[in-house]
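Below is one structure, written out as structure tokens; the observations come after it.
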Amino acid sequence: MTGTGRIHVYYGDGKGKTTAAVGLAVRAAGYGLKVLFFQFLKDNSSNERKILESLSGVTCLRGREPVKFVSNMNRDERAELRHYNNKALDEIVKFCSSFDLLVLDEALCALKLDVLSEEKLIGFIRHKPRGLEIVLTGHQITDSLLEIADYATEVKKVKHQFDLGRSAREGIEF
């Protein structure tokens with residue numbers, strides 16, 4: 001793959017951000033590109049991982065287990081998670097040069113919850129390997145990331161079953 005590699009962002013309060021990122025990963029792998037996939041704030045059992053791990057050309061990095069909602073963490077747990085996520089990003093930086101596409105699912109949520117350093121993430125993006133495409137997902141985007149994004153897609157909720165008190169369904173919503 002040639003080119004400078006572009007930055008893709010899927011953000012907003014609507015359903016489908018991870019789904020879009022996974023779809024791009026599948027498309028890239030189908031074309032023969034090498035994909036690296038990492039999920040912040042999720043354990044290693046997400047259903048999308050099951051299929052991604054079976055695809056040739058896709059490498060899913062293992063995340064932290066077990067995962068607890070950040071809102072249920074005390075200050076020390078949040079600090080430990082921030083340290084873990086920043087170290088994970090450091091490892092990804094060292095490891096990603098042989099890949100064509102890097103998906104950092106829920107990176108924007110990790111930033112918003114202050115369990116990932118925005119300075120570290122932006123520094124990586126600005127100095128990433130030349131051909132590497134990067135995909136970021138999450139609910140809210142910072143002005144700094146929006147400015148350096150090449151593609152920014154806001155996924156807006158118009159109607160959702162959760163608003164009616166219905167639970168998420170495995171295989172559909174997660």
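Could you identify the single residue in S71, S167, S144 that is exposed (fewer than 15 other Cβ atoms within 10 Å of the Cβ), under 24 Å from I7 (Cα atoms) and not charged (D, E, K, R)? Walk me through it before giving the result.
Numbers: S71 fails: under 24 Å from I7 (Cα atoms); S167 fails: under 24 Å from I7 (Cα atoms).
On inspection, the qualifying residue turns out to be S144.
Can you work out which of the residues in segment 114-129 that are touching a residue at least 12 places away in the same chain (Cβ under 8 Å) and farther than 14 Å from I141 by Cβ is surrounded by the fewest Cβ atoms within 10 Å (Cβ to Cβ)? Let's see the steps before the verdict.
Going residue by residue through segment 114-129, those that are touching a residue at least 12 places away in the same chain (Cβ under 8 Å) are 114-118, 120-122, 124-126, 128-129.
Right, trim to farther than 14 Å from I141 by Cβ and you get 114-115, 117, 120, 124, 126, 128-129.
On the way: D114: 13, V115: 22, S117: 16, K120: 15, F124: 19, R126: 9, K128: 18, P129: 15.
Checked segment 114-129; the qualifying residue surrounded by the fewest Cβ atoms within 10 Å (Cβ to Cβ) is R126.
With the condition kept exactly as written, say whether any residue in segment 93-112 is touching a Ser or Thr at 6+ places or on another chain (Cβ under 9 Å), loosely packed, with under 15 Cβ neighbours inside 10 Å and assigned to a loop (DSSP other than H, G, I, E, B).
No - not one qualifying residue is present in segment 93-112.
If you go through segment 3-45, how many residues are assigned to a loop (DSSP other than H, G, I, E, B), buried (at least 16 other Cβ atoms within 10 Å of the Cβ) and in contact with a Gly (Cβ under 8 Å, 6 or more places away or on another chain)?
5
With (1) buried (at least 20 other Cβ atoms within 10 Å of the Cβ); (2) within 13 Å of the chain's Cα centre (by Cα) as the list, and L132 as the residue in question, which single condition is left unmet?
It is condition (2) that L132 fails.
Which one of these is buried (at least 17 other Cβ atoms within 10 Å of the Cβ), at pLDDT below 95 and assigned to a helix (DSSP H, G or I): R49, R82, R64?
Working: R82 fails: at pLDDT below 95; R64 fails: assigned to a helix (DSSP H, G or I).
One residue alone meets the criteria, R49.
Out of all the residues in segment 28-50, which are in contact with a strand residue (DSSP E or B) (Cβ under 9 Å, 6 or more places away or on another chain) and among the charged types (D, E, K, R)? Don't jump to the end; show me each part of the working.
Applying the first criterion (in contact with a strand residue (DSSP E or B) (Cβ under 9 Å, 6 or more places away or on another chain)) to segment 28-50 yields 28-29, 33-42, 44, 46, 48-49.
Listed by number, the residues that qualify are K34, K42, E48, R49.
The values are calculated or read from the model by the stated rules, or taken from the named source; none is laboratory data. Computed from a prediction, not measured in an experiment: that's the story for all the values here. Positions of Cβ are backbone-derived with ideal geometry, glycine not excepted, and every protein chain shown enters the neighbour counts.
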